[in-house]
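Structure first, then comments.
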Amino acid sequence: MSMPSGRSDTADTADTADTVYAAVPTLSVVVPTYLRPMLLERCLLALLAQSLPRERFEIVVVDDGHDDRTRERVQVLASRTDAPVMRYLRPDHGRGPAVARNAGWRGANGTVVAFTDDDTIPDVDWLARGLEAMADHPDWVAASGRVQVPRPAPPLHRQERPTDHELMTRGLETAEFVTANAFVRREAMTRIDGFDERFRRAWREDSDLQFRLQALGPVGRIEQAQVWHPVRPERWGVSLRQQRNVFFDALLYRKHPSLYRSRIRPVPPWDYYAVVALTIAAVALLAMGRAVPAFLSLAGAALLILMLARRRLRHTSHAPRHVLEMVATSAAIPFLSVYWRLRGAWHFRTLFL
């Protein structure tokens, strides 16, 4: 006997998510969200349109923002007659995507857990293709699907270059394993105890999960299982705010030093350290009254900053506003990056540069 369509089980914490089902779904979709109800609704509508029969899967929305507007939107969608079982959870501790995803898969009932984000648009055959591939490869402990970043339609008379932020988002298309599109056997998640909740931002927690899953068995690739990830609008200087992410590079390096160097970043950003060192030297030399060496040190730092800005502009927009942003942020990025790298190394007690 299958569950009635459109059932919604809501709970304020993950502890209350143990619901008894007359028919256990094959697959559970976990969608963490944080104060983005409109984006979440777009994602959920795409999940409601899946070609996989609705009795085969459930949707678990984990609200990391504890937002009543989000809960109301989930309840409205869950009440639709064409909806699969859809549940709303709030983590009972902590914050961050790792905490939210752990609450989701631990409260899930499927033997396979599909992870995506609230700002994606799953293809209509996403779940069907993913589940089919996992069934065809019983040795896989997990698999990553394909993430596509749609290009904005350019004016007819010219081909627009992407912004730096858009180009970074496009990096999802070539990433090995991202939780915007991943299928993991629940048994494997249990064996590795899920996500490491020390990753408090949406950064490197998926790489850590991938490396630990690969210790259990093969992690496959499902090109036919696609989700779309449109570029979100961002305020000026987004690259400066993103430098805080490298704090968690130190944690990933501590846990997987050889894999970090072979798969993430082969060498430290020595040019960043050189900019910081030359700037400090310039200040010290100027304090000692040695104006010429101070000027040469500062000129060396400025040259490295201009080289960084040039690299960032090589394949991105040359619109005046964007060029100005690239030059201005390139002057600050080395200092912010080094600060967060060294702070992460100290916090996680690892020799990370």
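We did not get these values from a lab; they are worked out from the coordinates using the rules stated. What you see is a predicted model, and the numbers here were worked out from it, not measured in a lab. Note that each Cβ is placed from the backbone with ideal geometry, even for glycine, and that neighbours are counted across all protein chains shown.
General remarks:
- Comparing Leu324, Leu308, Leu127 in a Gaussian network model of the chain (Cα springs below 10 Å), the most mobile by mean-square fluctuation is Leu324.
- Helix-only [θ]222 nm of the chain, DSSP H runs n ≥ 4, -39500 (n - 2.57) each, per residue, nearest 500: -13500 deg cm²/dmol
- Inter-centroid distance (Cα atoms) of the stretch 30-80 relative to the stretch 98-130, Å: 11 Å
- Degrees separating the helix 291-313 axis from the principal Cα axis of the chain, which is the longest one: 30 degrees
- GNM result for the chain, Cα springs below 10 Å: residue of Ala46, Ala332, Ala287 fluctuating most strongly: Ala287
- Based on C-alpha pairs under 8 angstrom that are at least 6 apart in sequence, the chain has a relative contact order of 17 percent.
- Given (i) 1.04; (ii) 0.97; (iii) 1.21, the label whose value is Rg/Rh (Cα atoms, Kirkwood Rh) derived from this model: (i)
- Efficiency of FRET between Met38 and Tyr339 - r from beta-carbon atoms, R0 35 angstrom, step 0.05: 0.55
- Stretchable slack from Leu351 to Ala319, in nm (0.36 nm times residue separation minus alpha-carbon distance): 7.5 nm
- Cα-centred dipole magnitude for the chain, charges only on beta-carbon of K, R (+1) and D, E (-1), debye, nearest 20: 1480 debye
- Ranked by the mean number of other Cβ atoms within 10 Å of their residues, highest first, the peptides 276-282, 183-189 fall in the order 183-189, 276-282.
- Build a GNM of the chain with springs between Cα atoms under 10 Å apart, and of Val76, Val60, Val141 the one that fluctuates most is Val76.
- Note on Phe295 and Arg170: with the Förster distance fixed at 56 Å, the Cβ-Cβ geometry gives a FRET efficiency of about 0.90.
- Rg(Cα)/(2.2 N^0.38 Å) for the stretch 235-353, N = residue count: 1.19
- Pair Asp139, Gln75: separation of 7 Å Cα→Cβ label points (nm): 4.9 nm
- Sparse-neighbourhood loop sites, GluC sites (Glu not before Pro) in the stretch 94-166 - DSSP loop, at most 14 other Cβ within 10 angstrom: Glu160
- On Cα atoms only, tilt of 270-287 relative to the major axis of the chain in degrees: 40 degrees
- Cβ-Cβ FRET estimate between Glu223 and Ala302, R0 fixed at 56 Å, reported to 0.05: 0.80
- Cut-off 13 Å between beta-carbons: net charge of the residues surrounding Arg314, Lys and Arg +1, Asp and Glu -1: +3
- For the stretch 317-353, the set of trypsin sites (Lys or Arg not before Pro) satisfying both a DSSP loop assignment and a count of at most 12 other C-beta atoms within 10 Å is given as Arg349.
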